[in-house]
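The values are calculated or read from the model by the stated rules, or taken from the named source; none is laboratory data. Because the structure is predicted, anything quoted here is derived from the model rather than measured. Virtual Cβ from ideal backbone geometry, glycine too; neighbours counted across all protein chains shown.
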Amino acid sequence: MVDTGKGDLSLVALTKSYGSFTAVQPLDLTIEAGSFFALLGPSGCGKTTTLRMIAGLDAPTSGRIRIGETDITDTKAYQRNVNTVFQSYALFPHMTILDNVMFGLKRRGDKDAKRKAQETLELVQLAQVGDKRPTQLSGGMQQRVALARALVNRPDVLLLDEPLGALDLKLRRQMQIELKRIQQEVGLTFIHVTHDQEEAMTMADRIAVMNSGSLEQLGDPATLYEMPRSTFVANFLGQSNLLRAQVLDGPGTDGVVRVRSHGTDLEVSREHLPAGAADVWLGVRPEKLRLGEGGGPNRLRGIVRDVSFTGVATQYIVEMPWGQELTVVQQNDGTARATLGEAVTVSWAAAHGFALDASQDADAGAELVDERG
Amino acid sequence: MGWIRRHLVAFAALAVLVYMLVPNIVVAVFSFNEPKGKFNYNFNEFSTAAWTNPCGTQGICESLGLSLRIGVIASITAAVLGSMIAFALGRYRFRGRSATNLLIFMPMATPEVVMGSSLLTLFLALGVPSGEGAILIAHIMFCVSFVVVAVKARVATLDPKLEEAAADLGANPTQTFLRVTLPLAAPGIAAGALLAFSLSFDDYIITNFNASPSSITFPMFVWGATARGVPVQVYVIGTVMFLLALLFVVTGQVVGKRRNRQVA
Amino acid sequence: MPALSWWTNVAEPGVLPSAPTRAPQEAPPLAEPRRRRNWVPYALLLPGLLWLVVFFVLPMITLGSQSLQEGNVDDGYVFTGNVGIYVEAFKQYWPQMVRSIIYAGSATVLALLLGYPLAYFIAQKAGRWKNVVLVLVVAPFFTSFLIRTLAWRTILSDDWFITQWARKLHITDLLQAVGLTNNDSLLFSQFAVIMGLTYNFLPFMILPLYTSLERLDPRLLEAAGDLYASPWQTFRKVTWPLSLPGVVAGTLLTFIPAAGDFINARLLGNTQTTMLGSVIDAQFLRVLDYPLAAALSFIMLLTIVTMVTIYVRKAGTEELL
């Protein structure tokens with residue numbers, strides 16, 4: 001096994017093409033050692049391909065992969081200190097659970113394999129199933145075995161390929177917290193590939209949002225969410241309302257810039273405005289909008305077209321005079337709800353909006369239906 | 001009457017099944033017969049003489065031994081050759097795939113008379129003598145295709161992700177093959193080998209074309225006996241074969257079920 | 001939760017030989033890998049395919065060549081390209097050729113009629129009994145073909161109840177009128193031969209049919225019923241068309257060996273029921289007229305290949321493996 005010690009994983013101009021089709025555009029990425037990193041994007045965006053290149057299961061068309069100072073691009077999968085938790089778990093059906101978990105250690109001639117495997121099974125709370133076979137376990141248990149099998153080898157990087165996709169909702173939520181906790185405890189670099197933006201935001205320290213083979217934006221969940229730099233990210237993470245607006249001349253006040261949208265003057269923070277933009281999409285998240293005037297100086301009037309009660313919150317669709325429908329989400333904190341057909345004011349603060357260059361497609365990243373892996 | 005109509009298919013199926021099994025039952029029953037004359041076609045009186053003396057007839061056990069020997073060698077060789085082909089077909093891309101498929105398929109679609117007689121002409125032309133060696137060569141030839149089909153079916157069910165997982169965990173290609181691929185393909189290879197063995201053991205036509213007086217296999221012995229008078233021992237062996245086959249298949253099923261039992 | 005005890009050390013020493021490392025500088029892009037591994041499939045294919053080429057394909061060539069030679073066993077053979085041998089083969093033995101095709105065809109049709117219900121039953125209606133019945137279908141196949149066929153001599157003999165009932169019910173008279181029986185015996189007759197052929201090759205019909213029918217989604221049949229189709233119509237319009245690949249495979253796997261068989265004809269028939277296979281057998285092994293025998297064998301091969309090709313083209317399914 002290549003002895004790389006601990007080090008950041010860096011991808012340098014990494015590309016993958018199949019004939020004329022480019023799955024991954026030149027990708028430059030550095031992932032800090034010991035962090036929980038997510039590759040997020042819709043199916044076909046290249047995230048799984050990137051993961052497989054890091055694992056060594058696919059060879060890049062060009063570019064380099066390094067862990068610390070060591071270039072591992074030319075090393076084969078079985079020589080890399082990188083382990084994968086597969087989406088379908090890929091547990092060896094003809095071996096017991098314990099043999100599965102010991103597999104990697106045995107290949108390296110580790111004499112203490114059994115004890116280490118047993119300890120790792122305890123870590124994932126499956127101490128009792130060592131003698132069973134994969135087909136005898138439930139999906140959730142198989143997933144934890146797959147994790148243990150990869151963990152026990154103490155890889156420099158642990159790759160997770162949409163490992164929670166096959167689990168039902170409650171179990172998935174539980175495993176998200178478990179995985180995060182295990183990562184913090186063992187201190188390994190985890191790279192998690194998923195199309196579920198909620199999952200990525202819950203678990204990861206930093207997220208790389210990918211779209212059609214290229215990197216859209218890189219950052220921690222909060223930054224990506226509050227300050228998306230493209231319509232794709234704005235729509236893919238959560239929901240966004242995007243209003244067409246023109247930047248108004250004038251000095252503005254206190255770090256606030258005035259824009260005009262559909263005849264109404266609105267305010268947005270200067271730091272949330274891309275430099276040199278004249279035509280923008282003014283974006284605001286549904287939960288930042290308030291019904292009534294209490295939300296802030298930005299005000300628009302519309303008519304409630306839909307009211308959906310979702311337990312924690314109520315979602316309103318409010319139709320603007322120019323036909324656009326805004327989504328407003330309000331927590332059910334006991335205040336009165338608006339009714340269907342009611343004329344309402346929607347308001348928000350200047351700091352709660354973000355602006356994106358208007359040349360982008362407002363629907364990018366939006367119409368993604370629920371995709372199962 | 002309506003009950004019969006609704007279960008028409010089941011009745012028909014049962015009738016056909018009976019049709020298929022009656023000969024086996026007859027064979028079993030007649031193995032306990034002590035025939036009046038040379039021919040064992042009418043039940044005379046009950047006797048276990050043939051069971052207690054299975055090698056009683058001249059030549060029967062020698063022929064059995066020869067058939068077993070050839071069967072084992074042929075099935076193992078065919079299993080190796082056929083499995084290699086099946087792996088190539090199932091796991092790799094290469095040119096000439098359709099030609100390969102055709103070549104594999106043809107022996108299964110050729111009448112045995114043609115295969116046996118054509119091999120004879122080849123051996124005649126090359127001066128290869130008939131006998132055990134020629135029979136062995138012939139058996140391997142027609143068994144390979146069946147092994148390929150059996151193993152290919154099994155290889156197709158192998159999840160390629162398992163081999164990727166093995167590599168991911170540090171197994172080089174040889175280790176991956178020995179520890180993951182081969183064990184998982186083993187049931188298919190075993191099935192292919194068993195199939196090859198039974199085809200070889202039971203073959204008469206092709207064997208007959210390539211045999212010599214010193215190499216009498218069991219089917220050839222039986223054939224020769226049909227004119228002279230089939231000894232009861234033949235029926236005994238027939239019954240034993242049937243029971244063994246049943247045992248094999250049932251065991252395979254039970255073992256398979258046991259492996260896959262789910263935990264609550 | 002205890003941390004993994006052996007992880008307190010930094011960097012574990014590797015045990016496998018270390019892979020090549022590179023200083024961090026720009027390197028030329030990688031070419032598409034796996035070029036070296038291209039020889040693997042060919043290496044795997046070579047032994048088996050070579051065996052088949054030498055011992056299956058080559059003999060076909062020597063067979064054709066032998067048929068065009070003249071001479072005899074004592075003096076040796078010379079290649080003369082005597083195509084006339086084929087004409088002679090046809091003239092002498094066309095009855096056996098025709099008979100082989102008719103018997104095999106009848107057996108195939110019968111096998112289809114008998115095997116379809118059984119295959120359907122196993123695939124769709126057997127439930128828990130599926131494996132049991134499959135075992136019962138396959139197990140006889142693993143026992144000696146000759147012995148089982150011999151058993152029919154007993155079953156169809158004049159002293160047994162089957163022939164006696166058939167006589168009582170005048171079924172024998174019916175079959176005799178069509179020329180299928182041997183006087184009024186069921187044994188040593190055309191009837192017995194066809195019956196034996198059907199019996200012996202039934203498993204070859206049932207298994208492909210079963211495979212095809214197993215893939216049939218029972219909900220399709222329910223949908224047909226929901227749309228006013230009677231059971232017969234459902235069968236004709238839904239079940240049968242969807243099972244055609246299995247039918248094609250089954251009929252081929254039955255007809256081909258049946259056409260070449262002569263064991264059933266020998267054991268259960270009489271001198272009027274000889275099939276082409278026994279003629280070839282006799283010519284090769286007793287009469288020792290190799291050219292004629294080879295010609296007959298080649299004729300059988302070509303006939304069957306032609307019939308199969310036409311049949312497969314018409315039926316429309318190419319993949320049989």
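Here A:PHE36 passes the criteria (1) over 18 Å from A:PRO163 (Cβ atoms); (2) touching a helix residue (DSSP H, G or I) at 6+ places or on another chain (Cβ under 7 Å); (3) touching a residue at least 60 places away in the same chain (Cβ under 8 Å) except the one numbered (1). For A:PRO60, the criteria (1) touching a residue at least 60 places away in the same chain (Cβ under 8 Å); (2) buried (at least 23 other Cβ atoms within 10 Å of the Cβ); (3) within 12 Å of chain C (Cβ to nearest Cβ) hold in every case but one, which is (1).
The strands (runs of 3 or more DSSP E) found entirely in region A:147-255 that carry 3 or more residues being within 22 Å of A:THR50 (Cα to Cα) are A:157-161, A:189-194, A:206-211, A:214-219.
Have a look at C:PRO2, C:PRO28, C:PRO33 and point out the one that is touching a Leu at 6+ places or on another chain (Cβ under 9 Å), modelled with pLDDT under 80 and assigned to a loop (DSSP other than H, G, I, E, B).
Numbers: C:PRO28 fails: touching a Leu at 6+ places or on another chain (Cβ under 9 Å); C:PRO33 fails: touching a Leu at 6+ places or on another chain (Cβ under 9 Å).
After applying the criteria, what remains is C:PRO2.
Considered as a group, the residues in region B:156-194 that are in contact (Cβ under 8 Å) with a residue 60 or more places away in the chain, aliphatic (A, V, I, L, M) and buried (at least 20 other Cβ atoms within 10 Å of the Cβ) include one that is farthest from C:PHE141 (Cα to Cα), and that residue is B:ALA185.
For region C:261-321, which fully contained helices (runs of 4 or more DSSP H) count at least 2 residues that are without any contact (Cβ under 8 Å) to a residue 60 or more places away in the chain?
Counting at least 2 such residues, we get C:276-282, C:290-315.
Would you confirm whether or not region A:311-318 contains a residue that is among the aliphatic types (A, V, I, L, M), over 23 Å from A:ALA245 (Cα atoms), touching a residue at least 12 places away in the same chain (Cβ under 8 Å) and surrounded by 11 or more Cβ atoms within 10 Å (Cβ to Cβ)? Outline the logic, then answer.
Quick first cut of region A:311-318, residues among the aliphatic types (A, V, I, L, M) only: A:312-313, A:317-318.
Now narrow it down to the ones that are over 23 Å from A:ALA245 (Cα atoms): A:312-313.
Going one step further and asking which of them are touching a residue at least 12 places away in the same chain (Cβ under 8 Å), we end up with A:312-313.
Then keep just the ones that are surrounded by 11 or more Cβ atoms within 10 Å (Cβ to Cβ); that gives A:313.
Looking for residues that are among the aliphatic types (A, V, I, L, M), over 23 Å from A:ALA245 (Cα atoms), touching a residue at least 12 places away in the same chain (Cβ under 8 Å) and surrounded by 11 or more Cβ atoms within 10 Å (Cβ to Cβ), one finds at least one in region A:311-318, hence yes.
Scanning region A:11-46 for residues that are under 16 Å from A:VAL209 (Cβ atoms), outside any strand (DSSP E or B) and of a type in the set (S, T, N, Q) gives a single hit, A:SER43. Of the residues in region A:134-148, none is out of contact with any helix residue (DSSP H, G or I) (no Cβ under 8 Å at 6 or more places or on another chain), in contact (Cβ under 8 Å) with a residue 12 or more places away in the chain, surrounded by fewer than 21 Cβ atoms within 10 Å (Cβ to Cβ) and more than 12 Å from every other protein chain (Cβ to nearest Cβ).
Okay, residues lined up against (1) within 7 Å of another protein chain (Cβ to nearest Cβ); (2) under 30 Å from B:SER63 (Cα atoms); (3) assigned to a helix (DSSP H, G or I); (4) touching a Gly at 6+ places or on another chain (Cβ under 6 Å):
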position: B:ILE85; (1), (2), (3), (4): yes, no, yes, yes
position: B:ALA88; (1), (2), (3), (4): yes, no, yes, no
position: B:ALA99; (1), (2), (3), (4): no, no, yes, no
position: B:VAL113; (1), (2), (3), (4): yes, yes, yes, yes
position: B:GLY116; (1), (2), (3), (4): no, yes, yes, no
position: B:LEU122; (1), (2), (3), (4): yes, yes, yes, no
position: B:SER130; (1), (2), (3), (4): no, yes, no, no
position: B:ILE135; (1), (2), (3), (4): no, yes, yes, no
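When you check B:PHE201 against the structure, is it in a helix (DSSP H, G or I) and farther than 30 Å from B:PHE43 by Cβ, yes or no? For B:PHE201, the condition - in a helix (DSSP H, G or I) and farther than 30 Å from B:PHE43 by Cβ - is not met. Residues in region B:195-243 that are of a type in the set (D, E, K, R) and more than 7 Å from chain C (Cβ to nearest Cβ) were compared, and the one that is surrounded by the fewest Cβ atoms within 10 Å (Cβ to Cβ) is B:ARG228.
Only one of these is at pLDDT 90 or above, surrounded by fewer than 20 Cβ atoms within 10 Å (Cβ to Cβ) and in the same structural domain as A:GLY34 (by TED's automatic domain parsing): A:THR120, A:THR189, A:THR202. Name it.
Every option except A:THR202 fails the conditions.
Considering C:PHE121, C:PHE90, C:PHE55, which residue is more than 7 Å from every other protein chain (Cβ to nearest Cβ) and in a helix (DSSP H, G or I)? Before the answer, list the steps.
On the way: C:PHE121 fails: more than 7 Å from every other protein chain (Cβ to nearest Cβ); C:PHE55 fails: more than 7 Å from every other protein chain (Cβ to nearest Cβ).
On inspection, the qualifying residue turns out to be C:PHE90.
I need the full set of residues from region C:269-280 which are surrounded by 20 or more Cβ atoms within 10 Å (Cβ to Cβ) and within 11 Å of chain B (Cβ to nearest Cβ), in order please. Quick ask: steps written out before the conclusion?
Of the residues in region C:269-280, the ones surrounded by 20 or more Cβ atoms within 10 Å (Cβ to Cβ) are C:269, C:273-277, C:279-280.
Correct list: C:MET275, C:LEU276, C:GLY277, C:VAL279, C:ILE280.
Just one residue in the set C:TRP94, C:TRP129, C:TRP152 is within 23 Å of C:GLY277 (Cβ to Cβ), free of Cβ contacts under 8 Å to residues at least 12 places away in the same chain and of a type outside the set (Val, Ile, Thr); that residue is C:TRP94.
Looking only at region A:329-348, count every residue that is among the β-branched types (Val, Ile, Thr) and in a strand (DSSP E or B) and tell me the total. Steps first, please.
To start, the set of residues in region A:329-348 that are among the β-branched types (Val, Ile, Thr) comprises A:329, A:335, A:339, A:344-346.
Remaining after also requiring in a strand (DSSP E or B): A:329, A:344-346.
So the count comes out to 4.
For the structure I just gave you, tell me whether B:ARG91 is under 16 Å from the mean Cα position of the chain (by Cα) and either surrounded by 22 or more Cβ atoms within 10 Å (Cβ to Cβ) or basic (Lys, Arg) (or both). No; evaluated as a whole, the condition is false for this residue.
Which residue out of A:ARG285, A:ARG305 is in contact with a strand residue (DSSP E or B) (Cβ under 8 Å, 6 or more places away or on another chain) and either surrounded by 20 or more Cβ atoms within 10 Å (Cβ to Cβ) or within 19 Å of A:ASN235 (Cβ to Cβ) (or both)? Reasoning before the result, please.
Values: A:ARG305 fails: either surrounded by 20 or more Cβ atoms within 10 Å (Cβ to Cβ) or within 19 Å of A:ASN235 (Cβ to Cβ) (or both).
The conditions single out A:ARG285.
Just so you know, in region A:74-92 the residues that are within 11 Å of chain C (Cβ to nearest Cβ) and either among the charged types (D, E, K, R) or closer than 16 Å to A:LEU11 by Cβ (or both) include one that is surrounded by the fewest Cβ atoms within 10 Å (Cβ to Cβ), and it is A:LYS76.
Identify all residues within region A:173-215 that are among the hydroxyl-bearing types (Ser, Thr, Tyr) and over 18 Å from A:THR84 (Cβ atoms); write none if there are none. Let's see the steps before the verdict.
Within region A:173-215, the subset among the hydroxyl-bearing types (Ser, Thr, Tyr) is A:189, A:194, A:202, A:212, A:214.
A:THR202, A:SER212, A:SER214, listed by residue number.
For C:ALA258, the criteria (1) away from chain B (no Cβ under 14 Å); (2) hydrophobic (A, V, I, L, M, F, W, C); (3) touching a Phe, Trp or Tyr at 6+ places or on another chain (Cβ under 7 Å) hold in every case but one, which is (1).
Taking helices (runs of 4 or more DSSP H) that do not extend beyond region C:147-248, which have at least 1 residues that are surrounded by 22 or more Cβ atoms within 10 Å (Cβ to Cβ), assigned by TED's automatic domain parsing to the domain that holds C:LEU267 and touching a Pro at 6+ places or on another chain (Cβ under 7 Å)? Helices (runs of 4 or more DSSP H) meeting the threshold: C:190-214. For region B:153-164, state whether one or more residues are of a type in the set (Val, Ile, Thr) and more than 28 Å from B:MET220 (Cα to Cα). Yes, region B:153-164 contains a residue that is of a type in the set (Val, Ile, Thr) and more than 28 Å from B:MET220 (Cα to Cα).
Looking at A:ASP168, A:ASP112, A:ASP99, A:ASP131 in this structure, which one is in the same structural domain as A:GLY56 (by TED's automatic domain parsing) and within 24 Å of the chain's Cα centre (by Cα)? I'd like the intermediate steps shown before the answer.
Values: A:ASP112 fails: within 24 Å of the chain's Cα centre (by Cα); A:ASP99 fails: within 24 Å of the chain's Cα centre (by Cα); A:ASP131 fails: within 24 Å of the chain's Cα centre (by Cα).
Only one candidate passes the filter, namely A:ASP168.
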